[in-house]
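*Asks:* This is the structure, below, for whatever I ask next.
The numbers here are math on the coordinates, done by the rules we state, and not lab data. It should be emphasised that the depicted structure is a prediction, and the values quoted were computed from it without experimental measurement. Glycine gets a Cβ as well: all are built from the backbone with ideal geometry, and neighbour counts include every protein chain shown.
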Amino acid sequence: MKALVYDDVETLVYRYMPDPVPALGQSLIRVEASGICGSDMHAYLGHDERRPSPLILGHEAAGVVVGGKLDGKRVTINPLTTCGLCAACKAGRDNLCADRMIISMPPREGAFGELVIMADRNLVEVPDGVPLAKAALAEPLACGWHAVRLGADALDIELADARCVVIGGGAIGVGAALCLMAFGATDIQVVEPNAVRRATLDNIDGFTAVEPGTVTEADLVIDGVGYAATRADATEITRPGGVIMHIGLGEGEGGLNIRRMTLQEITFIGTYTYTAQDFRDTAAAIFDGRLGALDWTEERPLSEGGQAFADIRAGVVAAPKIILRP
């Protein structure tokens, strides 16, 4: 198969790779759409030791099953595999499984190729009327769904009465904002510094895109970036008794005003991916339209993926998400 391979820092090569071979309980999927994630960018820039080169990146994918009992099924892929047996898995918190593994980390190759393999239990069938490029958004949107679900539980008021702020206008941030809307929030602002992207966000219904520094107080803040600067912003604008949900993995340290968080009893919750149920619930919300038109992506051929990464790096991409099509 042809695949986009991460060979070195800021080096992606479109070349032939061996076809993956499914094991028992797995299916071979012909990839029709695969999104570029922030974690793919981290690897591309050499900032993720969990993803050493050479490696096929990509874990936000949808496609068609080739062969086996599910042959011909249109599916979206939950890329996070877990043991199913530990205390976390049995408690429905399988995203915290000690043996969790996501494709695009060794030894599992990712979905920036013509083919990928995945456990059958991780596949969600896509209705005929739903484009696979939209179904591929289930993975990044599920991150927001999980964060909003936990944040709503931790908040001391109803989401419908809360001022909600999302930091970051990429796909994670946009997805979180749309999930807030699906959960009943009505006052939602997305903070995005890039004016080009902010203009794109203005065309998405359900929230308002604003410049950094324009928000002074919020009940619930979702940091979809995860840099020291965005954490600092989050701790300054969250009101006493409010909640910060931290999704972004931009930097590992710095930014939190621990003294203010302590004195003002601000709740900080780290949130990693999603549970299997969150993924299924997010997919269902995509299929029935609760997350909007999802028309804010840009599609490019997989063969041009190297340029897509370079454009994202240069900050010239207006769309929150680029979908690569093999």
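*Asks:* Give me the dipole magnitude in Debye, nearest 20, for the chain about the Cα centre, with unit charges on the beta carbon: positive for Lys and Arg, negative for Asp and Glu.
*Replies:* 620 debye
*Asks:* Got a sec to turn the phi values of region 217-234 into Karplus ³J(HN,Hα) couplings, 6.51 cos²θ - 1.76 cosθ + 1.60 with θ = phi - 60°, whole Hz, x for Gly and Pro?
*Replies:* Rounded to whole hertz, the list is 7, 8, 7, 10, 10, 10, 8, x, 10, x, 9, 4, 5, 6, 5, 4, 4, 4.
*Asks:* DSSP beta bridges in the chain, what fraction antiparallel, as a percent rounded to 5? Walk me through the numbers on the way to the answer.
*Replies:* Values: 32 of 58 bridges.
Of the beta bridges lying entirely in the chain, close to 55 percent run antiparallel.
*Asks:* Let me ask something else. Given an 8 Å cut-off on Cα distances and at least 6 residues of separation, report the relative contact order of region 193-326 as a percent.
*Replies:* Averaging sequence separation for qualifying contacts and normalising by length gives 22 percent for region 193-326.
*Asks:* Shifting gears a bit: Quick one: which residues, 5+ away or cross-chain, put their amide H under 5 Å from the amide H of Ile222? H built at 1.01 Å from N.
*Replies:* Sorted by chain and number, the residues that satisfy this are Val165, Val166, Ile167, Met245.
*Asks:* Another question, then. With just the Cα atoms defining each centre, how far is region 287-302 from region 86-155? Give it in Å.
*Replies:* 17 Å
*Asks:* Here's another thing I want to ask about it. Charges at C-beta only: +1 for Lys and Arg, -1 for Asp and Glu. How large is the resulting dipole of region 151-256 about its Cα centre, in Debye rounded to 20?
*Replies:* Around 240 debye, computed over region 151-256.
*Asks:* Tell me the net charge near His146. Cut-off is 13 Å between Cβ atoms, His146 excluded, with +1 for each Lys or Arg and -1 for each Asp or Glu.
*Replies:* -2
*Asks:* Placing +1 on the Cβ of each Lys and Arg and -1 on the Cβ of each Asp and Glu in region 174-326, which of Gly184, Leu302, Ala209 has its Cα farthest towards the positive end of the resulting dipole?
*Replies:* Final value for the positive-end residue is Leu302.
*Asks:* Let me ask you something else. Go ahead and estimate [θ] at 222 nm for the chain from helices alone: -39,500 (n - 2.57) per DSSP H run with n ≥ 4, summed, over the residue count, rounded to 500.
*Replies:* That calculation yields -7500 deg cm²/dmol at 222 nm.
*Asks:* Specify which labelled value, from (i) 20.3; (ii) 18.1; (iii) 15.6, agrees with mean projected area of the Cα convex hull in nm² derived from the coordinates of the model shown.
*Replies:* Label of the calculated value: (iii).
*Asks:* Follow-up. With the dipole of the chain worked out from charges on the C-beta (+1 for Lys and Arg, -1 for Asp and Glu) around the Cα centre, which of Asn78, Thr238, Val165 lies farthest toward the positive end?
*Replies:* Asn78
*Asks:* Over region 1-101, what is the mean sequence separation of C-alpha contacts under 8 Å (at least six apart), divided by residue count, expressed as relative contact order in percent?
*Replies:* It rounds to 23 percent for region 1-101.
*Asks:* Further, regarding this structure: What is the chain's relative contact order, in percent, from Cα pairs under 8 angstrom and six or more apart in sequence?
*Replies:* Contact order relative to length: 19 percent.
*Asks:* Which residue, Ala154, Ala87, Ala33, tops the fluctuation ranking in a GNM of the chain built on C-alpha contacts under 10 Å?
*Replies:* Maximum among the listed residues: Ala87.
*Asks:* GNM, the chain, Cα, under 10 Å: largest mean-square fluctuation among Ile36, Ile103, Ile204?
*Replies:* Maximum among the listed residues: Ile204.
*Asks:* Further question on the same structure: Students often check this: by mean Cβ neighbours within 10 Å, which of 115-124, 299-308 ranks highest, and how do the rest follow?
*Replies:* 115-124, 299-308
*Asks:* How do the peptides 286-297, 239-250 rank, highest first, by the average count of neighbouring beta carbon atoms within 10 Å per residue? Kindly include the intermediate steps, with their values, before the conclusion.
*Replies:* Values: 286-297: 16.5, 239-250: 20.7.
Listed from highest to lowest mean packing, they are 239-250, 286-297.
*Asks:* Here is a follow-up. Given H placed 1.01 Å from N in the peptide plane, which residues other than close sequence neighbours of Lys321 have an amide H under 5 Å from its amide H?
*Replies:* Here Glu298 satisfy the definition.
*Asks:* Please find, in a Gaussian network model of the chain (springs between Cα atoms separated by less than 10 Å), the residue of Lys90, Lys73, Lys134 whose mean-square fluctuation is greatest.
*Replies:* Sorting by GNM fluctuation, first place goes to Lys90.
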